[in-house]
Every structure is written in structure tokens, then in C-alpha cells.
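Step one of this worksheet: look at the structure below.
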Amino acid sequence: MIDRRGALLAALAAGWTGTAAGAQIPAPRGAGSAGPGLPDPAETIDLWPGNAPGMPQVPPVEVVDERSTDPALPDRAVRGIVRPRLAVFRPAVANGSALLVTPGGGYARVVIDKEGYELGRWLAARGWTVFVLFYRLPGDGWAAGPDVALSDAQRAMRLIRHRARSYAIRPDRVAALGFSAGGHVCGDLATRWAASTYAPIDAADRLSARPDAAAPIYAVQSMTRPLAHAGSRDLLLGRQPTSALEAAHSPARNVTAQTPPCFLVHAEDDPVVDVGNTLEFRAALKAARVPVETHLFAQGGHGFGLRRAAGKPVEAWPTLFLAWAKSLGFS
């Protein structure tokens with residue numbers, strides 16, 4: 001019998017090849033840290049020079065909560081992010097492809113282990129350069145309001161392209177992938193990449209923020225009831241948003257012919273984010289003739305990432321993602 005958790009840990013550990021070069025902010029430390037054999041990335045990139053734009057009068061304070069009782073499988077969630085940044089996973093040999101990962105957390109936190117670092121290690125072992133985004137949260141009072149996470153995602157895409165040569169990646173092979181509420185950030189980026197959400201500050205901001213491909217995974221998408229995930233909707237838009245505000249932040253309402261090809265994954269038994277979110281987004285993509293690949297699984301629940309998919313049919317999704325990306329020209 002194969003110990004699936006042990007195999008997963010070994011695969012994740014094999015994917016990490018961090019470097020201290022250019023490190024600016026240490027990775028967050030929780031009670032469990034990264035677990036045995038699973039070091040945190042040593043390299044981070046600040047998104048903004050100095051303070052991030054639109055700082056609240058009372059800045060948030062970053063807190064790391066360790067939610068796991070198993071020291072071998074940490075499950076850290078970060079809230080109160082005041083210095084948005086990218087944690088970088090460098091492969092031993094870069095294949096030229098890059099991925100921006102936006103973890104979930106219901107817009108109340110950013111879940112960095114099971115929806116960020118684990119995928120970073122797994123893909124780095126396969127040649128991808130992965131950037132996990134610590135994005136600001138809309139409930140913390142930033143001036144950009146519901147656009148604050150999108151601002152960070154746009155800036156991250158531009159910085160990745162601006163530094164493409166130093167990471168041995170191609171600027172036309174930069175994809176985005178997000179989970180749950182981070183899937184909403186990903187969908188928002190895929191549909192509103194050209195929206196003006198912050199004032200340009202340097203040469204990087206002259207580059208496009210459009211991902212070359214996007215993969216919202218069990219994603220929050222609709223901000224309209226009954227499909228909307230209530231907690232994410234309230235934190236993003238407030239408790240009584242107008243219908244216009246709901247539409248402005250529902251990716252299906254903002255799909256155009258310029259939306260990049262999309263890869264969608266959802267479990268039909270998801271008790272947290274209704275699978276109708278993915279179906280509605282897919283319908284909008286099809287109507288706009290945007291290429292879309294969709295995988296629906298009968299079982300999987302919510303928040304499966306990599307670790308909770310093991311032993312179920314849904315564990316195939318990362319391999320399916322790689323095959324789809326390859327069909328688009330990603331290595």
C-alpha cells in the first residue's frame with residue numbers, strides 16, 4: 001500500500017528550489033512552519049516600493065494562524081496583509097513558463113500552504129517558476145475597496161513580466177491560477193486586467209497585466225445571490241451592494257473576446273461555493289468564444305487543493321492542468 005500523504009509530501013519537497021537572492025521579507029512563520037522536509041521559499045518580491053497605495057488610516061497588522069494539528073501538514077492562513085508580495089518558487093531548470101497563484105481564504109485571509117506553497121513546490125519540480133501572491137484584503141479598509149486584491153494581482157503580473165529575463169521565463173507564458181476566493185481574484189484578473197485600479201508608478205506598469213491563460217479552481221465567481229458565496233461577497237462589496245456593484249465584480253459579466261483561455265475545475269458536491277459559479281463563468285466564456293476547458297467531479301467538496309484530493313478522482317486535476325497548458329504552448 002502506498003502512503004499517499006507521504007508520497008504527496010515527497011513530491012512537494014522535490015519541487016522546492018528556493019534561493020536567498022533578493023529576499024526582502026521572510027516567509028511567515030506559524031507554529032508548524034513548513035513541516036519536515038518542506039522548507040518555505042527564501043525569496044520574496046515586494047509589489048510596491050514603500051507603502052502599498054491607499055493605506056488605511058489604521059494599517060492592518062499581519063497575523064499568521066496555524067490551523068493544522070499535524071506538524072507534517074501545516075495549514076497557515078495569513079490575515080491583515082499590509083505589505084503585499086510574491087513568494088517565489090524557482091525550478092532547478094526553468095522551462096520558460098510562469099504561474100501567478102492566488103490562494104483562497106474567503107477574502108478574510110490568504111491560505112498559503114494548501115492553496116499556495118504546495119502547488120508552488122509541485123509545479124517547480126516540473127520546471128515552472130511559481131509566484132504565490134500575498135494580496136491585500138478588502139475588509140481591511142484600503143482605498144481601492146473591492147479592487148484592492150485585483151490591484152495587487154495586476155501589479156504582480158506586470159512585475160513578473162518586467163523581471164522575466166532574470167527568472168528565465170517568457171513574458172508570453174505567464175498564467176494565473178486561483179482557488180476559491182483567490183479564484184475570484186484570478187477570474188477578476190482574467191476579465192478586468194485592463195481596468196485602471198491604481199496609478200502607474202514605474203516602467204513595469206507599462207506592461208500588460210493580462211494573463212496568457214487563467215485557471216479559477218472551485219472559484220467564487222458570482223456576486224449575485226443565490227450563487228454568491230455570502231462571506232466573500234460581504235467582505236468584498238459590503239452587506240448591501242447595489243446590483244451594479246455586484247455585476248462589476250462578477251467575472252461572468254465582464255468576459256470579452258480578450259479574456260484569455262480558461263481552465264475550470266469544480267466538485268459538484270462543493271458545500272461552500274456552488275458549482276453554479278463555474279457553470280455561469282463557463283457559459284459566459286463560451287458565449288464570447290473564449291477557449292475553455294472544464295472539469296467537474298462528482299466528489300471532492302471544497303478546498304481540496306492537492307492534499308485533500310489524494311485518493312479521489314479529483315486528484316487528477318493538476319495533471320489535467322499541465323496537459324491543457326501544454327496544448328496552449330506552455331512547456
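No value in this document is a laboratory result; all are computed from the given coordinates. Predicted model only: the values in this text are computed from it and were never measured. Note that each Cβ is placed from the backbone with ideal geometry, even for glycine, and that neighbours are counted across all protein chains shown.
Pick the calculated log10 I(q)/I(0) by the Debye sum over Cα atoms at q = 0.08, 0.10, 0.14 Å⁻¹ for this structure from (1) -0.47, -0.69, -1.10; (2) -0.32, -0.51, -1.08; (3) -0.40, -0.62, -1.15? Among (1) -0.47, -0.69, -1.10; (2) -0.32, -0.51, -1.08; (3) -0.40, -0.62, -1.15, the one derived from this structure is (2).
Most simply put, region 4-327 has about 40% antiparallel DSSP beta bridges, counting only bridges with both residues inside it. Going by the alpha-carbon gyration tensor, a ≥ b ≥ c the square roots of its eigenvalues, is region 226-331 rounded (a/c under 1.5) or, if a/c is not under 1.5, prolate (a/b greater than b/c) versus oblate? Oblate shape, in that a/c is at least 1.5 and b/c is the bigger or equal ratio. Here the contact order of the chain, divided by its residue count and restricted to Cα pairs under 8 Å and six or more residues apart, works out to 14 percent. The residues neighbouring residue 200, those whose beta-carbon lies less than 11 Å from its own, together hold a net charge of +1 under the Lys/Arg +1, Asp/Glu -1 convention.
Once the chain from residue 225 to residue 57 is taken as fully extended at 0.36 nm per residue, the excess over their C-alpha distance is 57.3 nm. The distance linking region 272-319 with region 165-210 is 22 Å (Cα centroid to Cα centroid, whole angstrom).
As a footprinting exposure proxy, order 107, 167 by other Cβ within 10 Å, with the fewest listed first.
On the way: 107 28, 167 16.
By the 10 Å Cβ count, ascending, the order reads 167, 107.
Using r as the Cβ-Cβ distance of residue 46 and residue 208, and R0 as 25 Å, what FRET efficiency do you calculate, to the nearest 0.05? Let's see the in-between values first.
Details: r = 21 Å, r/R0 = 0.84.
It comes to 0.75.
Springs join every pair of Cα atoms under 10 Å in this Gaussian network model of the chain, and among 141, 187, 106 the largest mean-square fluctuation is at 141.
Legend: calculated FRET efficiency, residue 69 to residue 143, from the Cβ-Cβ distance at R0 = 51 Å, rounded to 0.05, equals 0.85.
Phi angles across region 231-244 convert, under the Karplus curve 6.51 cos²θ - 1.76 cosθ + 1.60 with θ = phi - 60°, into 3J(HN,Hα) values of x, 5, 4, 5, 6, 7, 10, x, 6, 9, x, 6, 5, 5 Hz, Gly and Pro given as x.
Express as a percent, rounded to the nearest 5, the fraction of DSSP beta bridges in region 61-136 (both residues included) that run antiparallel.
Values: 11 of 15 bridges.
Just about 75 percent of them are antiparallel.
Comparing mean-square fluctuations of 278, 69, 129 from a GNM of the chain with C-alpha springs under 10 Å, the top value falls on 69.
Grab the DSSP H runs of the chain that are 4 residues or longer, score each as -39,500 (n - 2.57), total them, divide by all residues and round the 222 nm result to the nearest 500 deg cm²/dmol. Write out the running numbers ahead of the final one.
Working: 8 runs with 83 residues, N = 331.
Mean residue ellipticity at 222 nm (helix-derived): -7500 deg cm²/dmol.
Grab the other residues whose beta carbon is less than 10 angstrom from that of residue 246, score K and R as +1, D and E as -1, and report the net. Local net charge: +3.
Consider a paramagnetic label point 7 Å from the Cα of residue 201 along Cα→Cβ; state which residues of region 151-172 have an amide N under 19 Å from it. Counting only backbone N, you get 151-164. Extension gain for the segment residue 245 to residue 328, taken as residue separation times 0.36 nm less the Cα-Cα distance, is 26.5 nm to one decimal.
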